[in-house]
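Take a look at the structure below.
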Amino acid sequence: MAGSIKLKRTLGVASLFAVAIGSVSSQSSYVTLLNGAGLGGSLFFIALFIAFVIAVCYSFSFLELSLMMPRAGGLGNYAVVAGGNFLSIGVMLGGYLSVAPFGMPVEVFLMEHVAKVIHPGMPEHWGIALVLLLTILNLLGIDVFSTTQNLLVYVLLVALVSIALVGLRSPVQAGSVFATLTRDMSFQGGSFISLLILAVWSFCGLEFVCPLVEESKDPNRSVPRAMLGAALILLIIFFGIAWAGMRQVPVSELSFSDIPHWLLVDRLFGHTGGVVMMFFTLLTTSSVLNTVIASTPRMLYGMARMGQLPPWFGKLHARWGTPWFSILVVSTLILLPLLFLTGKKDLLMVMLYSCTMFWMVAYGVAHASVIILRRKYPDVVRPFKTPFYPLPQIVGFVGVAIILLKNTPSPNLARGVYVNGALLFIFIITYAVPWVLFRMKKGLFEQVPMDELLGSPKE
């Protein structure tokens, strides 16, 4: 089975675009977006545009790396060539695999919370059924995943545009008029940094397209168009949603609500708002879950092909050509917190916070990898070259540094975040050090030649 089965090249621009939009358009991103709009007013639009520039910068780095080394696996491939197996395993387990047990349960619980606010009689744990359904669909092949993702995302885009247009065209209710929004626009030191951090979180995740590069048709054209096109469309949608929220919802409510998107929809659609919101929340959560259940297993699959994980992670199903074992592992990691951490909101937020910090480190590794590999392999073919290199990498580093240094957790979460982050780091060391030294028989930071990576056996 290992020698004859390969990933299928079926994804075009439209499907990859749906992956990019779906990986970013989570409920939590719209919560963050509207909270920032309430806190910052017109100043938040400046933060949002700067966050878009930072997103384009990390997109440039991932595009250059992924098309130079067009292999399933994502950042792990690039990091192993730039910094060795220990670095590669660390950023993949800490920055990406941890999204499944730490980030996705929060998204599902938020969906269930919104549903209970709208319909108090909703059954418990119905989000588990959604995870199981999406797992089955992903197991059935990349075509089934793509069809599902396209349906979810393109309907979601219609819903987002409709909400923004209704919010902008309706008379101002209890929000702010344009004259108020443009008043006193000035940078206020730390407060603007806080707004920028909220805006940056709204754009994280576009790189989840890259692990699907081996399943993409004409990736040299389709992958850049999908990632950069999604970034631009999201900027427009985010501007529209944020402005609509400012116009229709009092800033005192918008700023600190844990479900500000429901406040906006309720103001706009009245009695039918519950139906609209249920539709919206199901689409957003389903699209991001579907992306993670599809993309993260391809990362594990790539790690197994490099020998960084046990070979079961690199197995492809004989009929459907999907990394079935990795899909089941990722799905299980999402399901376990849903089963055992219900009602433990503080613990979930600690887990999410720790995960996002490792995610930012992963972005820093991507920018560093571009610079290292430009020097180490100056003559290698790069189907996508970063415009104005190395300026985007420098801007990206600055953005990562700001978030890591300034985005300190609240006092009631700080101890848990640092303990959880330390435990995650200890887990990575405990696994990666003996595995690299004794199973792979390589140095921890021994760089893998690019031709060896590209010539490694495919499952």
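Summary of computed values
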| quantity | calculated |
| --- | --- |
| Order by protection proxy (mean Cβ within 10 Å, highest first), peptides 329-340, 274-285 | 274-285, 329-340 |
| Ascending count of other beta-carbon atoms within 10 Å, so fewest first, for Val31, Val265, Val381 | Val381, Val31, Val265 |
| Equivalent ellipsoid semi-axes, region 34-179, via Cα gyration tensor eigenvalues times 5, rooted, Å | 34, 26, 17 |
| Among Val361, His113, Leu157 - extreme Cα towards positive end, dipole of region 13-454, charges at beta-carbon | Val361 |
| Region 13-454 pair-distance distribution - Cα-Cα, 20 Å bins, rounded % | 26, 60, 14, 0 |
| Cα lying deepest toward the dipole's positive end in the chain, options Thr32, Leu453, Val80, charges on Cβ | Leu453 |
| Distant-in-sequence amide H partners of Leu11 (H built 1.01 Å from N, under 5 Å) | Ser216, Lys217 |
| Only Lys, Arg (+1) and Asp, Glu (-1) charged, at Cβ; the chain dipole about Cα centre in debye | 740 |
| FRET efficiency estimate (nearest 0.05) - Cβ-Cβ, His271 to Leu437, R0 60 angstrom | 0.40 |
| R0 of 60 Å, Cβ-Cβ distance Ala414-Ala318: FRET efficiency to nearest 0.05 | 0.75 |
| Peptides ranked, highest mean first, by Cβ atoms within 10 Å: ranges 213-221, 48-56 | 48-56, 213-221 |
| Euclidean distance between Cα centres, region 24-72 to region 299-337, Å | 28 |
| Gyration tensor over alpha-carbon atoms, region 321-432, equivalent ellipsoid semi-axes in Å | 33, 22, 12 |
| Spacing of the two label points (7 Å from each Cα toward its C-beta) at Asn220 and Ile429, in nm | 4.4 |
| Dipole in debye (nearest 20) - region 335-435, about Cα centre, beta carbon charges: Lys, Arg +1; Asp, Glu -1 | 200 |
| Aspartates and glutamates with Cα under 15 Å of Lys406, excluding same-chain neighbours fewer than 8 positions away | none |
| Neighbourhood net charge (13 Å Cβ-Cβ; Lys/Arg +1, Asp/Glu -1) for Pro383 | +2 |
| Pairs of alpha carbons in region 179-314 whose separation is greater than 27 Å (percent) | 42 |
| Kyte-Doolittle mean at least 0.5 and Cα axial length at least 27 Å: DSSP H helices in the chain | 43-68, 142-169, 219-248, 273-305, 345-376, 411-434 |
| Sorted by Cβ neighbour density within 10 Å, fewest at the top, the residues Leu264, Leu7 | Leu7, Leu264 |
| Under 15 Å from Lys217, Cα to Cα: aspartates and glutamates that are on another chain or at least 8 residues apart | Asp143 |
| 222 nm mean residue ellipticity, helices alone, for the chain (DSSP H n ≥ 4; -39,500 (n - 2.57); rounded to 500) | -22500 deg cm²/dmol |
| Sites Lys6 and Ile46, calculated FRET efficiency, Cβ-Cβ separation with R0 60 Å, nearest 0.05 | 0.80 |
| Kirkwood Rh, Cα atoms: Rg over Rh of region 290-379 | 1.08 |
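Quick note: the coordinates plus some simple rules give every number you see, no bench work behind them. Predicted model, so just to flag it, every value in this text is computed and none were measured. Here the Cβ is made from the backbone with ideal geometry for all residues, glycine too, and neighbour counts use every protein chain on show.
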